[in-house]
Structure formats: C-alpha cells, structure tokens
1. Does at least one position in the range A:79-96 carry a residue that is of a type in the set (D, E, K, R) and not in a strand (DSSP E or B)?
2. Starting from residues that are touching a Leu at 6+ places or on another chain (Cβ under 9 Å) and part of a helix (DSSP H, G or I), keep the ones in the range A:192-207 and report whichever is surrounded by the fewest Cβ atoms within 10 Å (Cβ to Cβ).
3. How do the pairs read when you match residues in the range B:136-155 that are over 14 Å from B:G89 (Cα atoms) with residues anywhere that are of a type in the set (G, A, S) and open to solvent by less than 20 Å² (accessible area, probe 1.4 Å), using Cβ under 8 Å and keeping only pairs 6 or more apart or on different chains?
4. For the range A:208-228, give me each residue that is surrounded by fewer than 20 Cβ atoms within 10 Å (Cβ to Cβ) and at positive phi.
5. Go through the range A:150-191 residue by residue and tally those that are open to solvent by 10 Å² or more (accessible area, probe 1.4 Å), more than 12 Å from chain B (Cβ to nearest Cβ) and part of a loop (DSSP other than H, G, I, E, B).
6. Which one of these is assigned to a helix (DSSP H, G or I), open to solvent by 20 Å² or more (accessible area, probe 1.4 Å), more than 14 Å from every other protein chain (Cβ to nearest Cβ) and in contact with a Phe, Trp or Tyr (Cβ under 9 Å, 6 or more places away or on another chain): B:A158, B:A168?
7. The conditions are (1) in contact with a strand residue (DSSP E or B) (Cβ under 7 Å, 6 or more places away or on another chain); (2) more than 13 Å from chain B (Cβ to nearest Cβ); (3) of a type outside the set (K, R); (4) surrounded by fewer than 22 Cβ atoms within 10 Å (Cβ to Cβ), and A:G44 fails exactly one of them. Which is it?
8. Right, B:V20: without any contact (Cβ under 8 Å) to a residue 40 or more places away in the chain, under 24 Å from B:I193 (Cα atoms), open to solvent by 20 Å² or more (accessible area, probe 1.4 Å) and part of a helix (DSSP H, G or I) or not?
Amino acid sequence: MSDRPIIDIRHAAKSYGSLEVLKDISLQVQTGQIVAIIGPSGSGKSTLLRAINDLDPLSSGEVWLDDIQVNKALPTRQYETHINSVRQNIGMVFQHFNLFPHLSVRDNITLAPKMLKGISKAEADQLAVEQLNKVGLLDRIDYYPSQLSGGQKQRVAIARALAMKPKVMLFDEATSALDPELVEEVNLVMKQLAEEHMTMIIVTHEMGFAQDVCDRVLFMDQGVVVEEGPPDVIFRNPANERTKNFLRKHLKGQH
Amino acid sequence: MLRVFPFFLQAAWVTIQLSVLSCAMGLVCGALGAAARLSRSPALRFTGATYVSVIRGTPALIQVFILYFGGPQIGIQLEAFEAGVLALGFNIGAYMTETMRGAIISVDRGQNEAARTLGLSRFETFRSVILPQALRLMIRPLGVNINALIKGTALVAAISVVELTYTAQRYIGSTYKPFEMFFLAGSIYMVIIYVTGLGVSWLDRRVALK
C-alpha cells in the first residue's frame, strides 16, 4: 500500500441549506505532490480545502489523511481529541495570516509545539530558529506581528505551521491579501517547500505560480471539479469551455 | 465644614470598601456569566441570558431592597453592608457579563481557526490565544462598569449603610447646609473615580499590544 494517497477525499459534498457548495468531489493527493486549486470565487475551492482539516465539516463524504479518517463520526468529546491530533499533521496558512498579535514571532512559532509536543524551552527555541531560518526571518525572532510587513507575517505563519512538522500543508489564498510587491517573497518560500517535496494543496488566484510550481491543477466551478490535469495542459490547452473562459479572464493583464 | 470632614473621610472609606468588594464579586459573576452565555450547553446559555436580562431589566434600587428587606422573609438575614455588597456585586456582574462576552467574541475568528488548525483544543485555544487578547479589549469597558458601580454605591444609603451619600444626608440635619454637604460628598466621589480611572488607564497601557 505504498501508493496510498496521503490525502484522500471521497465523494465530498457540502450544502448550506439548499445551496450546494461542494457536489460529490473526490481527490487523491500523493505524498510530495503539489496540487493547485483554481477557480472563480464562490466555486467552493476554499471550502474544499477547509474540509481537509474539518474546519468546514462536510455534509457527506469522507476525508482521509493517510490511514486515518479525518471526519470520523464520533461523540463530541472523542471527536475533539481525535481532530486535535489529526490537525497536528496538517499545516494551514490563511489569507489573513492570523498570527497571534499578543505573542512574539518566537512564541507564535513555539506555542503549539510546546503545548502539544511537550518539548523543552531550549528545544522550542531551536525549533523557532530553524523554522525562521527557513523563511529567512531569523532577525525578526523577537518582533511582534504588528512590527512586520504583510509578506513577513505570512512567512512567519508558514514557519508556525511548519514547526508542527506537518505531513501536508494547505494554503488558502496565501498571497491574496498581500501588496503585489510582497507576493514574491512568500512565493519563494512556497517554492522552496516544493523543492523539499512537501505535500501541498494550494488554493490560489496566481496562475503563474500554479503553473511554475504545481504538479496538478484542479479547476473548480460551482462546487465541482470541472477539469484537472498537469499545469501545462490546463493552462495551455484546456478542454473545457468554462476553464477556457476563466483562464481568458484571469490571464488577461497578467504577465 | 471642617468639623464634619473626618466623618466624610470615614464614610468615603466605607464607599471604597463597598466598591472594591462588589467589584470583586461583579468580576466573578461577570466571568461566570460570560462563560455561561458562551457555553455549548443550552441550559447554561439560558441561565446566563436570564441573569443578564433580569438584572438589567430592573432598577438596582429594587434589587437592593429585595435582598435587604425581602431577604428575611425567605430566611436570608443580612447586615445592611453585606446586603449592599451582594446586591451591587450581583448587579454589576450582569453588566460585566456583557462586557466580557463582547470582548471575547470580538477577538477575530481567524485567531480561533489558526490555533485550532495547529491542533490546540478548544480550552487551550481559549486560554492561550483568545483570552489574552480579550482581556486587553475588556479593560476599558470594564473601567466604565466600575465607574458606574462606584456611583451606584450611593444607592445603599437607602438601606442605611453609612457611606458617603448617607453621611451627607445625615449632616444636613445638624448643619442645615445641604449644598455644602452634597458638594463635599460629590467631590469625594469624583476623587475616587478619578483615581480609579488612572488605575484603569495604567492597566490598559501596561497590557497594550506591542
């Protein structure tokens, strides 16, 4: 079973009342794969991503992380314990960074490892240094989030997620809230992770980045995966009319 | 004026004691009330909401009277000072419940999501991420509650607690100088409130985000 996918989404569906935001989506991601999810807003791509760590629970369908079902039906107490341990393996990066403003960069990174992995203060410091080195912000270790630029905040948020040594990283429009000139520094960090073969699922509006970095691209619209394939095919030679339309609108004005 | 001043200072001390004790009780009631109102249990949420709407929906003076004069009828016999502290504390606790609840729910939802996705439990998230931020948000509005509480202690003059307002009334009888007596009492209230306000500002600055 060495080719068991690290993420396996089976017949995911979700509705809010009569509004179906996800309609029977299945997706397998292998270890080390980098998958981009693109599509117009309201297409359900963020909802799908947030279903992977059960932040937005599905109405029906299953999500598996390796051999563990993430959205297992359990009594509340047991479910809490279960999901907390599952989430330690799934890093998530948000559009608005969501750094903890009352904690220094160091404490942002070490809070969860210290609490959940019982590591010592020295080990935690070492971990913060390692992760900040990786995102090139070691000199900001004692800063507070409000003292950082948007790009730096997002790099710290990535370091914070990586400090838990996750098996998978989820990016929910990680660069959408950034000024254009700050996007590149975050993209560079994500590219570096790609080179280290981190498994990543990336919801993005940046077609150029998706094309450069990803192994697979999913185009979603109205709650379904309309088309998926290697970036070259999706971006250069899409088969579906909706994909073509979306890309035409989206690539206009982008270099 | 000079002759009555020491008595006013004594009375001010009673007002301060009333304020401090009922504030402490209010903070406890407020924390419990907020916890109840934000609980996952519908029964607790209902209890919290009822507490807030009953207390905020009735005059504080009636609450003081019910406890002090009505209490003995159901076997609760209290000294005036004790009844005053309990009624005032229970009263301000309802306002503090709403202040604390408001501060907690105004911490950005993304903070909760970020902490939960790292694997922190609901409780760990609350303690290490939500509460520290909510505390900063609640200091100033709690200061407003405390300001109202200090002035509200004047109500217990009506059950003969010898605090500032009661003392002012009492010395009108012997001095025939209502303007001076009430002016003096009012001035002392203002000093107490001013100093408390400085304390609140200091605390607020101390815990401000860097």
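The values are calculated or read from the model by the stated rules, or taken from the named source; none is laboratory data. The shown structure was predicted, so the numbers you read here are calculated from the model rather than taken from an experiment. Positions of Cβ are generated from backbone atoms using ideal geometry, with glycine treated the same way; all protein chains shown enter the neighbour counts. Protein only, heavy atoms only, side chains kept; ligands, DNA and RNA dropped before computing areas. Shrake-Rupley method; radii C 1.70, N 1.55, O 1.52, S 1.80 Å.
1. Step one: of the range A:79-96, the residues of a type in the set (D, E, K, R) are A:80, A:87.
Those still in the list that are not in a strand (DSSP E or B) too: A:80, A:87.
Within the range A:79-96 (the criterion being of a type in the set (D, E, K, R) and not in a strand (DSSP E or B)), the answer is yes, since at least one residue qualifies.
2. In the first step, residues of the range A:192-207 are kept if they are touching a Leu at 6+ places or on another chain (Cβ under 9 Å); the result is A:193, A:198, A:200-203, A:207.
After this cut, where a residue has to be part of a helix (DSSP H, G or I) as well, the list is A:193, A:207.
Values: A:L193: 21, A:M207: 19.
Out of the qualifying residues, it is A:M207.
3. B:L137/B:A103; B:M138/B:A103; B:P141/B:A103
4. Result: A:Q222, single match.
5. So the count comes out to 6.
6. On the way: B:A168 fails: open to solvent by 20 Å² or more (accessible area, probe 1.4 Å).
The unique qualifying residue is B:A158.
7. With (1) in contact with a strand residue (DSSP E or B) (Cβ under 7 Å, 6 or more places away or on another chain); (2) more than 13 Å from chain B (Cβ to nearest Cβ); (3) of a type outside the set (K, R); (4) surrounded by fewer than 22 Cβ atoms within 10 Å (Cβ to Cβ) applied to A:G44, the lone miss is (4).
8. Values: without any contact (Cβ under 8 Å) to a residue 40 or more places away in the chain: yes; under 24 Å from B:I193 (Cα atoms): yes; open to solvent by 20 Å² or more (accessible area, probe 1.4 Å): yes; part of a helix (DSSP H, G or I): yes.
Answer is yes for this residue.
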